[in-house]
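Written out below as structure tokens is the structure these notes cover.
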Amino acid sequence: MKWVPLTVALGCVLLSSLAQVLMKLGMNAHTSPASPAEASVLATYGHALTNPLVWTGLALYGLSAGLWIWVLSRLDVGVAYPLVSLGFVLTLLVGVQWLGEAFSWQRLAGCGLIVVGVMLLASDA
């Protein structure tokens with residue numbers, strides 16, 4: 001039954017996307033200087049290391065990686081790994097909807113191509 005590992009793989013993608021969003025939210029609280037030349041790497045990482053949203057995102061990445069090991073033991077890597085690209089689609093949609101990030105038709109078209117490609121690969125599982 002390949003639908004169980006495919007479902008767990010999709011769960012891993014959801015966890016990874018949620019991790020990205022949480023880390024972005026955690027880092028949004030870090031005010032950046034006016035120019036990149038003024039940015040302090042230590043200040044950025046200092047903020048990241050003390051922000052609970054960043055730590056929660058990292059923990060979700062860890063959970064996702066642990067589940068991914070199980071997925072890889074049951075699916076061909078050529079089927080499993082392309083599913084990771086669905087994270088691009090999900091993260092883009094969340095970024096636009098909840099984080100106010102830019103939307104463009106080119107991004108939407110790219111996401112559509114990713115979804116079609118993943119569907120073709122998964123149908124061969």
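Read-outs: derived from the displayed coordinates by stated rules, not from any lab. Since the model is a prediction, treat every value here as computed from it, not as a measurement. So basically every Cβ, Gly included, is an ideal-geometry build from the backbone, and we count neighbours across all protein chains shown.
Can you name the residue in segment 61-120 that is part of a helix (DSSP H, G or I) and polar (S, T, N, Q) and, of all such residues, is nearest to residue 2 (Cα to Cα)?
If we take residues in segment 61-120 being part of a helix (DSSP H, G or I) and polar (S, T, N, Q), then 64 is nearest to residue 2 (Cα to Cα).
Quick one: in segment 46-87, of everything that is in contact with a helix residue (DSSP H, G or I) (Cβ under 9 Å, 6 or more places away or on another chain) and polar (S, T, N, Q), which residue is surrounded by the fewest Cβ atoms within 10 Å (Cβ to Cβ)?
The selected residue is 73.
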